[in-house]
Amino acid sequence: MSVATQDTALRTGRVARTLIYLFLLLMALFYLLPFGIMVINSLKPLSEITGGNMMSLPQEWTLDAWRAAWSTAQIGVEPTGMRPYFWNSIKMVVPAVAISTVLGALNGYVLTKWRFRGDTILFGLMLFSCFIPFQIVLIPMARVLGLMGLAGTTSGLILVHVVYGIGFSTLYFRNYYAVFPTELVRAAMMDGAGFFRIFWRILMPSSGPITVVCIIWQFTNIWNDFLFGASFADFDSQPITVALNNLVNSSTGVKEYNVHFAGAIYAALPTLLVYIVAGRYFVRGLMSGSVKG
Amino acid sequence: MSFLKIDNVTKRYGAVEVLHRVDIDVQQGEFLVLVGPSGCGKSTLLNMIAGLEEISSGTIAIKDKPMNGVHPSKRNIAMVFQSYALYPNMTVGKNITFGLEMHGVPKEDRDRAMDKVADMLQIKPLLDRKPGQLSGGQRQRVAMGRALVRDPDVFLFDEPLSNLDAKLRVDMRTEIKKLHQRLGTTIVYVTHDQIEAMTLSTRIAVMNGGYIQQLGTPKEIYDTPNNIFVAAFMGSPSMNLLDAVIRIKGPDAAAEITDYNGHPITLPLPLPAASLAGRDGTKVVLGIRPEAITDPDGADKSAKIVVQMQNKIDVTEPAGSDTFITTTMVGKDVIGRMRADAHVNAGDIADLSINMDKAVIFDPKSEDRIV
Amino acid sequence: MASAPAQADFKTRLQNLIPKLVLAPSLAVIFLFVYGFIIFTGYLSFTDSRILPSFNLVGFENYSKLFRLSHWTTSITNLAIFASLYIGISTLIGLSLATFLDQKIRGEGLLRPIYLYPMALSFIVTGTAWKWLLDPGIGLEHTMHLWGWTSFHFDWIKNSDYAIYTVVIAAVWQSSGFVMAMFLAGLRGIDNEILKAAQMDGAGNWQMYRRIILPQLRPAFLSAFVILSHLAVKSYDLVIALTGGGPGRATELPATFMYSYTFTRNQMGIGASSAVIMLMTIAAIMVPYLYAELREKK
């Protein structure tokens, strides 16, 4: 988001400005509270939650819930905690992000600098694939993963996420390379550089920002996926979102809210960290996924 | 034997033909300028010579070798782009030698060639900088250096001066001309600026609508434009084009126009009546360059046909070296060029000398020049 | 003399082929896994598939069954309520936040990321947080009672007439910051000189906003609408985490309907037909939008 000029500001009096600040602060509270309260209550013993006020700070600060959520909580039938699922997610996300980003970069390069008849239609078809309701592919995908021997595996999930991630990663690189001067590519061509050499020596050195945008977007999306994880994974490959849902919605026993919260925070932490560290790129990714950048 | 031969070349995008059967022979050492308004096909033609666009039909040959389908890097040509197209992530030195590197030239030879070019263009101190740190003029030099280092058969320039400010543009123009004179290279140069075309070229191809309108030396193009398009496009301010009626009396031909009051004025033509046979009393378009309409003291003393008239001055535009005036003939604005210290004011009825030696006439229907 | 055009040399021909070869794997995958699968599911929706795919065609039977199922009509009614409120409220909040944030606000750099961070969270996390916050026994209602406001009553999540609105609340919480970002970018993109001209013409604050600024935000409105509506139709995770579709079927949406009919009730034909309806709904919004966007660029 540009922090450029702000002359769209209207002339406002002191009362109006106070009201505006009040509104903005209240809204900030609205966004902060649910997650904030969750963090605070994850640091309480269970008795303080069920017996006390969710808005009060812990009388006894404890990391027990965090420990339990990580390694001992009952998820499904096994008391494994979130740990194995966290690693499942990592094992799925890293290759899926890497592959879809590389493919997106190459596709974007072809679609802008080596244009051919019908390339816009092909791109439109790729782009539409990001927006389909994935329910439409669940049935055949389950069959095909089974036929390929990938049902219930991390590799299967990687494949699924790459397939449905290509559209967006291609969109990012295409829009970025569309404004990359074509004359540079032509100059390199006349200098005798080939397809891959031009990509590597001329485009890649300038592609840092968009690569970050793409990686962040794919990471966030794939990490946060629930539908594919719930449909195509088993214990060895279930991602953390599925584990969290199982933890929270298992109907047996006492509801250990503090453990649920700690589990939710584990699931949220990686994407939140990325957001805090590279928020600027995150916003750019969101924007170019909707408005043409 | 031509050095660069463009033979019957056509370019089509789908069903749309954007370039129609172009023929140009370029001799070694020639400086050919392709000039025309945007969309006239000049850049397309240049890109086809470069190999950046496919040739739909016809042949382009360099040194008698057909180049159709030959990869751009194998044509032994170099190009200077409008945006200079310097690789932003490489130093100036790397930019210059990248092409040699791609062609597998050993490092020592690359460095030697780079030094030579850097000396010639006086960019030695810039070699370690990145393009982002250079001024427009410096970038322009680096772009030329990158082309020169390859020692190509043909240099292609695609509007190389259009991104520079007015003053720098004039300097670089001179620079390019010097370089051409010194190296004797063959150059094809695209521009929309007719002054660049006139000053740089040994020959000009004026293009419009995908056709070559006229191919000739700057003087031919300026003095004897083939048609109304070329007449109006070349020259600044552009040629005055007036509706006139032909009057033939014996061996002499004249064109009749009207002054600001609508009174008829007869202007003798430099053409023999014979060439206008059958046109007595018909309408033509009379072309007179602004510099042929002056104050009487500024008139060319060696001119053969000079007509004196009085006309009302509507606007004066002193430009320092000259004063341009606008006056009305045949109900239209006509531009004239007077000496800087000619005493004229808007609203005056002033004496004008019209030099008819270089007047041209065009057929109003075909728009071609009547010879 | 140059005569017949020479054949393209090997390097050039290869160079012309490489780009297509590079694009081919992605295209193949998209055509198989997206469009092939759409066709497959479309086909299944006309068969009597139950627990396993069957290729026995039964015409439009699944569709007519589908629309007679109260479970399905509940789902689409819920979607209509959810989508319109979700889009409307998110747009309203997003626009107000953007407008007010654009008034040379001190601390904008701090506020903006706060409004936007929920977008980085998984819907499952959002669902977990709100599920508990809205739980009358322990969340907001409980807290108000402890604070002495004993008449405070907020049990929507347990009430089948109101549960769908809790889904709206959580979804708005997650996405409205994103809408804010879109509008803010739109506001920052408005040409300052136009606003100066409007001021010179004597436009007051409200007129300036309504007549000059809002009309220029049209692309942002359109984008927000398209993005939010496709998210609404696809909503699945949030419902699962927040209400599980309940109480009863009070928060069932087409996405949850499709999943339960296909995978737990073994009515694959009907499940497929519901997926086709979802796809067509989204296509009706996305196809014209993408067409216009891609055409403009040319």
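The values are calculated or read from the model by the stated rules, or taken from the named source; none is laboratory data. Keep in mind that this is a model prediction, so the values were computed, not measured. Reconstructed Cβ throughout: ideal geometry from the backbone, glycine too, with neighbour counts over all protein chains shown. Note: areas computed on protein heavy atoms with side chains; ligands, DNA, RNA excluded. Shrake-Rupley method; radii C 1.70, N 1.55, O 1.52, S 1.80 Å.
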- Item | B:Asn76 vs. criteria under 25 Å from B:Gly29 (Cα atoms) and facing chain C (nearest Cβ under 10 Å) | no
- Message: Any residue that is within 14 Å of chain B (Cβ to nearest Cβ), over 30 Å from C:Thr251 (Cα atoms) and at pLDDT 85 or above - is there at least one of those in the stretch C:8-20?
- Response: yes
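Say we look at the stretch A:117-159 and pick out the residues that are assigned to a loop (DSSP other than H, G, I, E, B) and under 30 Å from B:Tyr13 (Cα atoms); which of these is farthest from the other protein chains (Cβ to nearest Cβ)?
A:Gly118
State the number of residues belonging to the stretch C:177-211 that are open to solvent by 40 Å² or more (accessible area, probe 1.4 Å) and either on the phi > 0 side of the Ramachandran plot or not aromatic (Phe, Trp, Tyr) (or both).
Pass one, the stretch C:177-211, residues open to solvent by 40 Å² or more (accessible area, probe 1.4 Å): C:185, C:189, C:191, C:193-194, C:196-197, C:199-202, C:205-207, C:210-211.
From the residues that got through so far, the ones that are either on the phi > 0 side of the Ramachandran plot or not aromatic (Phe, Trp, Tyr) (or both) too are C:185, C:189, C:191, C:193-194, C:196-197, C:199-202, C:205, C:207, C:210-211.
So the count comes out to 15.
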- Note on the structure: Matching residues in the stretch C:260-286 (open to solvent by 40 Å² or more (accessible area, probe 1.4 Å) and within 7 Å of chain A (Cβ to nearest Cβ)) number 0
- Task: Kindly list the number of the only condition in (1) more than 13 Å from the chain's Cα centre (by Cα); (2) among the hydroxyl-bearing types (Ser, Thr, Tyr); (3) part of a helix (DSSP H, G or I) that fails for A:Thr271.
- Result: (1)
- Task: Scan the stretch B:67-84 residue by residue and report those that are of a type in the set (A, V, I, L, M), closer than 12 Å to B:Gly99 by Cβ and in contact with an Asp or Glu (Cβ under 7 Å, 6 or more places away or on another chain).
- Result: B:Ile77, B:Met79
- Message: Going through B:Asp119, B:Asp128, B:Asp115 one at a time, which residue ends up being open to solvent by 30 Å² or more (accessible area, probe 1.4 Å), assigned by TED's automatic domain parsing to the domain that holds B:Lys178 and either in contact with a Ser or Thr (Cβ under 9 Å, 6 or more places away or on another chain) or not in a helix (DSSP H, G or I) (or both)?
- Response: B:Asp128
- Would a scan of the stretch A:79-93 turn up a residue that is open to solvent by 40 Å² or more (accessible area, probe 1.4 Å) and within 10 Å of chain C (Cβ to nearest Cβ)? no
- Taking the stretch A:45-59, which residues are under 17 Å from A:His260 (Cα atoms) and either touching a strand residue (DSSP E or B) at 6+ places or on another chain (Cβ under 8 Å) or more than 12 Å from chain C (Cβ to nearest Cβ) (or both)? A:Pro45, A:Ser47, A:Pro58
- Looking at (1) open to solvent by less than 20 Å² (accessible area, probe 1.4 Å); (2) more than 8 Å from chain A (Cβ to nearest Cβ), find the lone condition where C:Met144 falls short. (1)
- Does B:Gly104 satisfy being assigned to a loop (DSSP other than H, G, I, E, B), more than 23 Å from B:Leu161 (Cβ to Cβ) and among the small types (Gly, Ala, Ser)? yes
- Residue, farthest from the chain's Cα centre (by Cα), within the stretch C:116-136, restricted to residues that are of a type outside the set (A, V, I, L, M, F, W, C) and farther than 18 Å from A:Val259 by Cα: C:Pro136
- Item | Of the criteria (1) part of a helix (DSSP H, G or I); (2) modelled with pLDDT of 85 or more, which one A:Ala278 fails | (2)
- Note on the structure: Of the candidates A:Ile210, A:Ile215, A:Ile222, A:Ile198, the one satisfying the condition of being more than 14 Å from chain B (Cβ to nearest Cβ), under 30 Å from C:Pro19 (Cβ atoms) and surrounded by fewer than 24 Cβ atoms within 10 Å (Cβ to Cβ) is A:Ile215
- Note on the structure: All conditions in (1) within 10 Å of another protein chain (Cβ to nearest Cβ); (2) crowded, with 23+ Cβ neighbours inside 10 Å are true of C:Gly42 except (2)
- Message: If I ask for residues that are away from every other protein chain (no Cβ under 14 Å) and either surrounded by 19 or more Cβ atoms within 10 Å (Cβ to Cβ) or not hydrophobic (A, V, I, L, M, F, W, C) (or both), which ones from the stretch B:141-171 would you list?
- Response: B:Arg141, B:Leu161, B:Asp165, B:Lys167, B:Arg169, B:Asp171
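Would you mention how many residues in the stretch B:232-268 are among the small types (Gly, Ala, Ser) and touching a Ser or Thr at 6+ places or on another chain (Cβ under 6 Å)?
Adding up the residues that qualify gives 2.
Pick out the one residue from C:Ser90, C:Ser26, C:Ser75 that is small (Gly, Ala, Ser), at the interface with another protein chain (Cβ under 7 Å from one of its Cβ atoms) and open to solvent by less than 30 Å² (accessible area, probe 1.4 Å).
Checking each option against the conditions leaves just C:Ser26.
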- Note on the structure: The number of residues in the stretch B:232-263 that are of a type outside the set (S, T, N, Q) and either within 18 Å of the chain's Cα centre (by Cα) or open to solvent by less than 40 Å² (accessible area, probe 1.4 Å) (or both) is 16
- Note on the structure: Of all helices (runs of 4 or more DSSP H) fully inside the stretch C:99-211, the set with 2 or more residues that are touching a residue at least 24 places away in the same chain (Cβ under 8 Å) and within 20 Å of C:Ala224 (Cα to Cα) is C:108-116, C:163-188
- Task: Give the residues of the stretch B:202-251 that are out of contact with any helix residue (DSSP H, G or I) (no Cβ under 9 Å at 6 or more places or on another chain), polar (S, T, N, Q) and without any contact (Cβ under 8 Å) to a residue 24 or more places away in the chain, sorted by residue number.
- Result: B:Thr217
- Query: What about B:Pro270, is it under 20 Å from B:Val307 (Cβ atoms) and surrounded by fewer than 21 Cβ atoms within 10 Å (Cβ to Cβ)?
  - Reply: yes
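Conditions (1) assigned by TED's automatic domain parsing to the domain that holds A:Thr101; (2) acidic (Asp, Glu); (3) modelled with pLDDT of 90 or more; (4) within 20 Å of the chain's Cα centre (by Cα), marked per residue:
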{"residue": "A:Trp200", "(1), (2), (3), (4)": "yes, no, yes, no"}
{"residue": "A:Ile222", "(1), (2), (3), (4)": "yes, no, yes, yes"}
{"residue": "A:Ser231", "(1), (2), (3), (4)": "yes, no, no, yes"}
{"residue": "A:Asn249", "(1), (2), (3), (4)": "yes, no, no, no"}
{"residue": "A:Lys255", "(1), (2), (3), (4)": "yes, no, no, no"}
{"residue": "A:Asn258", "(1), (2), (3), (4)": "yes, no, no, no"}
- Message: For the stretch B:273-363, give me every one of the strands (runs of 3 or more DSSP E) that falls completely inside it and has 1 or more residues that are over 27 Å from the mean Cα position of the chain (by Cα) and not acidic (Asp, Glu).
- Response: B:283-288, B:306-318, B:322-329, B:349-355
